[in-house]
């Protein structure tokens, strides 16, 4: 998943991002609501972790700005405001969940996983020949054999197979798999495609990911 964390505490923001990246997610950090809105205008996110009391533009305004927006991320509010009225107002404004500070990291991760499952409920298993991809379990199988994919390799395979026939440029795939502060070049996509192809071929699935010269990559 690609996540946006909007949190004005530098220490908390960094620790959240580090923990979520260890789980294999691409994570951007916004230190105030203005920066959060800038990220939201440039990138598509699966989930946003949103603090309410931020400088410049606060979390309440960010929630209002997302109302009615197509493909808005699911939102987990993370706030020290523990009044029932605040929780109700945030949910009315479009938040999907609300967690009060201080919190346990394990609970935060569990709530994010629950939000992710909700967004995947309508997504069926993707089948292409002998290949089966289960987005809910984040697992790819060839017959009874599980593909030994890294989180980035799995994300690349799911992205291409779930939009079968669509050509993705290298930069589009990079934006999907890596956060905005990554020091990697988008050429890392070429490496991921190469290792993914090798693992697929080792399981008997050859020529699944094709290269359209001058355009990008596609699963046909």
Just give me the residues in region 147-179 being under 16 Å from the mean Cα position of the chain (by Cα), surrounded by 15 or more Cβ atoms within 10 Å (Cβ to Cβ) and assigned to a loop (DSSP other than H, G, I, E, B), in sequence order. 178, 179
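Right, residue 187: without any contact (Cβ under 8 Å) to a residue 24 or more places away in the chain and in the same structural domain as residue 139 (by TED's automatic domain parsing) or not?
Values: without any contact (Cβ under 8 Å) to a residue 24 or more places away in the chain: yes; in the same structural domain as residue 139 (by TED's automatic domain parsing): yes.
In short, yes.
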Taking the condition at pLDDT below 95, over 30 Å from residue 35 (Cβ atoms), in contact with a helix residue (DSSP H, G or I) (Cβ under 9 Å, 6 or more places away or on another chain) and not assigned by TED's automatic domain parsing to the domain that holds residue 44, does residue 133 pass? yes
Kindly indicate whether residue 114 is out of contact with any strand residue (DSSP E or B) (no Cβ under 7 Å at 6 or more places or on another chain), within 20 Å of residue 4 (Cα to Cα) and part of a helix (DSSP H, G or I). yes
Taking region 66-85, which residues are over 19 Å from residue 111 (Cα atoms) and surrounded by 17 or more Cβ atoms within 10 Å (Cβ to Cβ)? 66
Kindly check whether there is at least one residue in region 196-217 that is touching a residue at least 12 places away in the same chain (Cβ under 8 Å), in a loop (DSSP other than H, G, I, E, B), touching a helix residue (DSSP H, G or I) at 6+ places or on another chain (Cβ under 8 Å) and under 30 Å from residue 30 (Cβ atoms). no
Residues satisfying the stated conditions in region 2-21, i.e. surrounded by 20 or more Cβ atoms within 10 Å (Cβ to Cβ) and out of contact with any strand residue (DSSP E or B) (no Cβ under 6 Å at 6 or more places or on another chain): 7
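Among the residues of region 77-95, write down those that are in contact with a helix residue (DSSP H, G or I) (Cβ under 6 Å, 6 or more places away or on another chain) and either outside any loop (DSSP other than H, G, I, E, B) or within 22 Å of residue 9 (Cα to Cα) (or both). Step through it out loud before you land on a result.
We begin by selecting, within region 77-95, every residue in contact with a helix residue (DSSP H, G or I) (Cβ under 6 Å, 6 or more places away or on another chain); these are 77, 93-94.
Hit for region 77-95 is 77, nothing else.
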Determine which single condition residue 131 fails, assuming it passes every other condition in (1) closer than 30 Å to residue 40 by Cα; (2) buried (at least 19 other Cβ atoms within 10 Å of the Cβ). (1)
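The values are calculated or read from the model by the stated rules, or taken from the named source; none is laboratory data. All figures in this text were calculated on a predicted structure; none of them were measured in a lab. Ideal geometry is used to build each Cβ from the backbone, glycine not excepted, and the neighbour counts take in all protein chains shown.
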